[in-house]
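A short worksheet on the structure shown next.
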Amino acid sequence: MREGGRYISPFTDFGFKKLFGTEMNKDILMDFLNELLKKDEAKIVDLTYLPKEQLGRAEWDWKAIFDIYCESKDGEKFIVELQKAKQNYFKDRSIYYSTFPIREQGEKGDWSFKLKAVYTIGILDFVFDEDKEDNDVFHHEVQLIDKSTQKVFYDKLTYIYLEMPKFNKTEEELETHFDKWMYIIRNLEFLSGRPGRIQERIFQKLFKQAEIANYSEEEYSDYSESLKVYRDLKNTIDTAFDDGEIQGMAQGVAKGLAKGLAKGRVEGKAEGRIKEKAEVVRIGRRSGISTEILSALTGLSKEEIKEIPSE
């Protein structure tokens, strides 16, 4: 028997990729990006999904693994990241990630250095510590500005962060298409039906794709595992940050996830346990958790963790 709500959580790896990261649903992603960017012209009319793993120029360089990486028909690059839990130096990481689509535009030989725009979009399931007292602003759009004039100095590099816990509008308070998008992302897994004020065709497709009853047993199993991993990882890391116990984060994460792994639905099934531990490792990597912590978390050796592919 299937337990839980009617719709999947977009904050899980499975849910995020299902709704935004598949070819059949790229119209959903395009609608979201167009609404988010609010460009006066050159709206996104098509997207091409690009490889999510980006390698450095040399084998010893760091690499980047994006949740979603795509390119518009005009050559603009979009990194779309779902950040489930607080992370040290998250802003630093997002800036670093943006350098990959910049560098890959370089051309050999005689090149003018003209670049296409790069957008880094972070959907955050947490609030920045420096902004936690300000509940009015949850949508941050950051560009390079000239401090002397307060005008945009360079408009081809944009960072957008959405602090989703700050969005608290009710269905009755929804006014714009953007409001509806934020409401769906924030509340989808808790809805028992399609809200009456959200009837646009693109949202009807999203609800259909998100409805758990439409999934095969394999899809439902994958989603259930993804949901449990998300909840365990987020709760333990957020608690560690909120309590100021950064030094003890490894113990907190290990204790919380070890308990989840022990009591999980796949208990006693070796194949299921391996699959779940691999998912913990993948999410942990994207959250900046060290190999040492992941080893304590899963019981896997450092060598075994390194052999687990990122996707």
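A few remarks follow.
- Distance between modelled label sites at residue 116 and residue 92, nm, 7 Å Cα→Cβ extension: 3.1
- Per-peptide packing, taken as the mean over residues of other Cβ atoms within 10 Å, places 213-221, 5-13 in the sequence 5-13, 213-221 from highest down.
- Ranked by how many other beta carbons lie within 10 Å on average, peptides 25-37, 105-117, 185-197 from highest: 25-37, 185-197, 105-117
- Pairs from 91/166; 18/86; 73/275 whose Cα-Cα separation, in the structure shown, is over 29 Å: 73/275
- Charging the Cβ of each Asp and Glu at -1 and of each Lys and Arg at +1, and nothing else, the dipole of segment 63-122 about its Cα centre rounds to 240 debye.
- At an R0 of 45 angstrom, the distance between the Cβ atoms of residue 170 and residue 221 translates into a FRET efficiency of 0.85.
- Calculated P(r) of segment 13-214 - Cα pairs past 29 Å, %: 27
- Extension gain from residue 46 to residue 24, taking 0.36 nm per residue of separation minus the Cα-Cα distance: 6.7 nm
- For segment 13-214, with +1 on Lys and Arg beta carbons and -1 on Asp and Glu, the positive-most of 177, 49, 89 along the dipole: 49
No value in this document is a laboratory result; all are computed from the given coordinates. The model shown is predicted, which means the values in this text are computed figures rather than measured ones. Every residue, glycine among them, receives a Cβ derived from its backbone with ideal geometry; neighbour counts consider all protein chains shown.
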